[in-house]
Amino acid sequence: MPALTRTPPPYPSRRPEVIEAAIRVLREGDWTRLEGAPELEADLAAWHGPGVDGRETIAWYVASGTAALEAIMLGHGLGPGDEVITTPYTWGATVSAILAIGAIPVFADVDPLSGLIRPDAVEPLITAKTRAIMCVHLFGHPCDAQALRAIADRRGLLLFEDGSQAHGARLHGTRVGAFGHAAAFSCMGLKLLAGTEGGYALFRDPVAAEHAYLYGRHPRGLAPDRAQALGAAGLLDSLQLGWRPCAIGAALVRAALPFLDAENAARQRNAAVLRRHLADVPGVTLAPELPGAEGCYHLLSLVHHYEKTGLTRDQFSQRLAAEGAGNFHYIPVPIHRLTRLNPHDYAQTGPRVLWHEQLVRAGVDYRTVSCPGAEWRAPREVTLGFNWTQDDPEAMAQLAEAIRRACDG
Ligand SMILES: Cc1ncc(COP(=O)(O)O)c(C=O)c1O
C-alpha cells in the first residue's frame, strides 16, 4: 500500500484571476505587442526592488529564461573569449547560454549536500580573462550571492544571478536577483512564477539594458526618443535574436505575481515540517539551506546515501515511486562531464556542436576539470516536484513516511 494518499493542489495554481487575465488578452488584447510587456516589467521591478548597490531595477520580460540569461550577458558586453565562472550543478541552460554568446564556462565546485556553488571555490579560478560570475539559486535555495558579490566587487568582475528556480527566495532578508549586477529568471509553466513560456532579466545598468534591447526588443517597441537616438547612430535594425515574449504568458505571470509570496511561504512551512520528520532518517539528506536563507522549494532535492541504505540510486528511486512519490534524476551528470562539452571525444558521435570550436580555440578540456562536490552529489541525487502551495502538514508526514519506507524497505 503506498503511504501517500494526499496530492498537492493543481499547479500552476490556475486561480480565476489568472485565467481571466489570459482570456482578456485573447478576447480584447493584442496577441503580439512589439513593446513587449511594460506593465508586467513595472510590477516585476517593484516586486524585486532595487539592487544591493542601491541602484534601481530595470526589468525586461522576454521569451524565456535562456533568452534572459543571454540578454544580461550580451547587454554587459560579454562575448567570445570571455570566461564566466559558474556551477557545474545546474539545469544546462545556465551553461548553454554562456556558450551561445561565445564565452567560456569555467566550473567552480558546489557544496555536496546543497548542490550550491561555493564562493571559496570561485576565487582561485579567476584569471585575466574572467569577466563574470554566474551563480544559480538551485531548487529554490539561495546560494551565497552576498559572498559572491563581495568577490566580484573586490576583483572587478560582474555578478550575474540565475534565479530561474528561486523567484522570491531570500538571503538575509533580500530577494535573490538583487545581489547581482543583473539577474535572469525563467517563467516557463513549471516554475514558481509560471507563465506559458517566458522569462525576465533584471538590469541595474540602463546602458547594459539598452545594449541588450538591441538584440531582442523590436525596434518599433522602443521608447520613441531612444529609438530616434539609436536610429541616428545606425544601431536600430532587425538583427534580432527572437526574444519577443508571448502576450498571453505575460498576462498569466502578471496576474500570478501578487500570490507568489504567499505560495512560497506555504512551500517553506511545508518543507520545514518535512525536514523535521526526516531528521532521524539516516538514508537521505534534504538539501540544506545556508544560514540566513529562506528558500522557496521549487524542487525537493534529496541526497540518497547508498552507503547507508544498501540500495542503488535506482532501487531507492523505484521504491519511492512505488510509495506514490514520483521522482526523477534531475542532474544525472554534472555539466562539466556532459559528452557535448567534450569536443575531443564527441566528434564521431553526433552532429556539429556550436561551441566546440570556441572551446578548442580557448584550449579548454573539461576532461581535466574536477569538481568533487558535484561528482559526489550527482549519482546520489533523487529529486521530487514540490508544488505544495498550501499548508498540508499531514501530507508532509505521509511524504516523510514514504521516504523512510523507501530507505528501510
Ligand atoms: C536554473 C535554470 N536556468 C535556466 C533555465 C532556462 O529557462 P527557460 O527554460 O525558460 O529557457 C531553467 C529552466 O528551464 C533553469 O532551471
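The values are calculated or read from the model by the stated rules, or taken from the named source; none is laboratory data. What you are looking at is a predicted structure, and each value in this text was computed from that prediction instead of being measured. Reconstructed Cβ throughout: ideal geometry from the backbone, glycine too, with neighbour counts over all protein chains shown.
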Picked from the stretch 201-223 (must be within 24 Å of the chain's Cα centre (by Cα) and in a loop (DSSP other than H, G, I, E, B)), the residue nearest to PHE179 (Cα to Cα) is ARG204
The number of residues in the stretch 129-174 that are within 16 Å of the ligand (Cβ to nearest atom), more than 19 Å from ASP109 (Cα to Cα) and out of contact with any His (no Cβ under 7 Å at 6 or more places or on another chain) is 3
Of the residues in the stretch 79-103, those that are more than 15 Å from the chain's Cα centre (by Cα) and either farther than 24 Å from PRO332 by Cβ or part of a loop (DSSP other than H, G, I, E, B) (or both) come to GLY79, PRO80, GLY81, ASP82, GLU83, ILE101, GLY102, ALA103
Contact list, first residue from the stretch 59-84 and in the same structural domain as ILE101 (by TED's automatic domain parsing), second anywhere and in a helix (DSSP H, G or I) and β-branched (Val, Ile, Thr), beta-carbon distance below 6 Å, six or more apart or interchain, is VAL84/ILE98
Subset of the stretch 145-164, residues buried (at least 23 other Cβ atoms within 10 Å of the Cβ) and of a type in the set (S, T, N, Q), comes to SER164
Kindly check whether there is at least one residue in the stretch 128-136 that is hydroxyl-bearing (Ser, Thr, Tyr), at pLDDT 95 or above and touching a Leu at 6+ places or on another chain (Cβ under 9 Å).
yes
Subset of the stretch 304-330, residues under 21 Å from the mean Cα position of the chain (by Cα) and buried (at least 21 other Cβ atoms within 10 Å of the Cβ), comes to ASN327
Among residues of the stretch 76-104 being away from the ligand (no atom under 13 Å from the Cβ) and crowded, with 24+ Cβ neighbours inside 10 Å, the residue nearest to ALA145 (Cα to Cα) is ILE85
Of the residues in the stretch 286-300 that are in a strand (DSSP E or B) and in contact with a helix residue (DSSP H, G or I) (Cβ under 8 Å, 6 or more places away or on another chain), the one that is farthest from SER114 (Cα to Cα) is GLU294
Among the residues that make up the stretch 357-368, is at least one of them among the small types (Gly, Ala, Ser) and either in the same structural domain as ALA103 (by TED's automatic domain parsing) or part of a strand (DSSP E or B) (or both)? no
With the first residue restricted to the stretch 181-197 and required to be within 9 Å of the ligand (Cβ to nearest atom), and the second required to be part of a loop (DSSP other than H, G, I, E, B) and among the β-branched types (Val, Ile, Thr), Cβ contacts under 8 Å at 6 or more apart or on different chains are MET188/THR196
